[in-house]
Amino acid sequence: MTTRPTVSVVIPCYNYGHFLPQCVASVQSQGDQVDLEIIIVDDKSPDGSVEVAYKLAADDSRIRVIANEVNKRHIATYNTGLDAATGDYVVLLSADDLLAPGALGRACALLEAHPEVGFVYGFCPDFNEQPPPPKTDVRSWSVWSGEEWLAELTRRGHNVVMCPEVVMRTSVYRELGGYEARLPATADFYLWMAAATRGSVGRVNGTDQAYYRVHGNNMHIEQYAGVYTDMAGRRQAFDVLFADHRDHLPDPDRLEPAVRRVLAKDALVLACRAYDRGDEKMFAQAKEFMDFAAETDSSVKDTALWRATAKRIDRHKNGRGRAPLHHVAAVLDDLQGKVRWRRWRRYGL
C-alpha cells in the first residue's frame, strides 16, 4: 500500500467490560500498517463496562466512546457505531473477540489492490481463554465476483463468514444501510450477501484474521433452540435478500427455489444426524425439523431423504434401537464434515 488507509473498528459492548481491554489491545496492535479509529459503543451495560471504555479512551486519542442512554439491543448498537465511522474501511468487532496480529494490514492490502472488492474475510478460529499462536503467512488471495460467491453460497445454504474478521468498504456499508433490524439472528449473514450484490468478495488465505471467543453466553448454537433459530434465520435472510435485492442477483428465479431446496434438505439432514448419533434431545424435535423442511420446500416430501427421516421417527416411536446402518451413517457424516471443514478452512467456501 502506498498510502495508509484508515480503518474504523467498532466495538459494541454489553456486559463485556472484563473482555474489553484485551479486545482493544488486539486492535491497537494493528496501527503499524493502518491508521485507526476505535469506536466503543456501550449498550447501557450494568456491569461498569462504560467506565472501562472511558479509561481506555483516556489513554489513547484514537478511541472514542459512545454510551447509549438506553439499552438499544445489538442491531441498533451495531449501526450506531458504524454510522459514526469516518474511516475508509469498517470492522465490527464484538468486545469478547480479537483481531489477529497484522489482520487489518493484510485485508487492506487486498482491498487497495482490488477496488472492485466490497469486503474481505478470512479464517477465524475460536478460542476460550487465550487465542492459539497466530498464523500470519499469507498463502494467497481469493477474489470472486459477487455473482460467483453468491452462487456458491446459495448452493451451500449457510454462512461461511464468522464476522470479526470482515473488513468492509465504508462506502458499501453506507450504500446498504447497515445491519438489518428485521434479521436479529442473521443480520451479519444477510449483510455479506447484500454486499456481494454490489461488488466482488475477497479472502486472505493461510492466515488467522480474527479470533472468535466461545463462552457460556454464546454457546446456544450447539443446542436445539440455537440450531433451529439459525436455520429459520437463514431462511429469513434469503427471503429478504430475494425480496430487496432481486434486481442485483444472478438468475434469481432459479436461485430462489434452489436455495429453499437446500435449506429444506439441511433440516432433514439435521434430524437424521441427531438420530444416527443418538442425540435424544435433538431428535425429540425431529418432527419440527420435518415441518420446517416441508414449509420451506414442499417438493422435499417426494425425496428419499424425507422417507429416511420419517422411518427414523417411526423407529424411535416404536422403541427400536439404531440399526448398524445408522452407526455407519454417523461415521460417514463425521468424515464428510471434516472434509467440508478443511475445504472451508483453506478456501473459505
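The values are calculated or read from the model by the stated rules, or taken from the named source; none is laboratory data. Since we're looking at a predicted model, the values are computed, not measured. With ideal geometry, Cβ positions are generated from the backbone for all residues, glycine too; neighbour counts draw on all protein chains shown.
Restricting attention to segment 84-93 and to residues that are assigned to a loop (DSSP other than H, G, I, E, B) and over 17 Å from the mean Cα position of the chain (by Cα), the residue that is surrounded by the fewest Cβ atoms within 10 Å (Cβ to Cβ) turns out to be Thr86. The criterion of at least 2 residues that are modelled with pLDDT of 85 or more and either closer than 26 Å to Tyr121 by Cα or outside the structural domain of Arg139 (by TED's automatic domain parsing) (or both) is met, among helices (runs of 4 or more DSSP H) falling completely within segment 208-315, by 224-244, 252-276, 286-296. Look at (1) assigned by TED's automatic domain parsing to the domain that holds Val10; (2) closer than 24 Å to Ile75 by Cα; (3) polar (S, T, N, Q) and you find that Ser142 fails only one, number (2). Just one residue in the set Tyr54, Tyr16 is more than 30 Å from Ser145 (Cα to Cα) and either surrounded by fewer than 18 Cβ atoms within 10 Å (Cβ to Cβ) or of a type in the set (A, V, I, L, M, F, W, C) (or both); that residue is Tyr54.
Which members of segment 2-39 meet the condition of being charged (D, E, K, R) and touching a Leu at 6+ places or on another chain (Cβ under 8 Å)?
None - no residue of segment 2-39 is charged (D, E, K, R) and touching a Leu at 6+ places or on another chain (Cβ under 8 Å), so the list stays empty.
Taking (1) under 22 Å from Tyr211 (Cα atoms); (2) among the β-branched types (Val, Ile, Thr); (3) over 20 Å from the mean Cα position of the chain (by Cα); (4) modelled with pLDDT of 95 or more in turn, Ile66 satisfies each apart from (1).
Can you tell me which residue within segment 287-309, out of those that are closer than 9 Å to Ala264 by Cα and free of Cβ contacts under 8 Å to residues at least 12 places away in the same chain, is surrounded by the fewest Cβ atoms within 10 Å (Cβ to Cβ)? Here the answer is Ser298. Residue count for segment 104-120, restricted to those that are over 19 Å from Ser29 (Cα atoms) and not acidic (Asp, Glu): 9.
For segment 227-279, filtered to residues that are of a type in the set (Phe, Trp, Tyr) and touching an Asp or Glu at 6+ places or on another chain (Cβ under 8 Å), the residue that is surrounded by the most Cβ atoms within 10 Å (Cβ to Cβ) is Phe238. Looking at segment 322-344, can you tell me whether even one residue there is at pLDDT 80 or above, assigned to a helix (DSSP H, G or I) and loosely packed, with under 13 Cβ neighbours inside 10 Å? No, because not a single residue in segment 322-344 is at pLDDT 80 or above, assigned to a helix (DSSP H, G or I) and loosely packed, with under 13 Cβ neighbours inside 10 Å.
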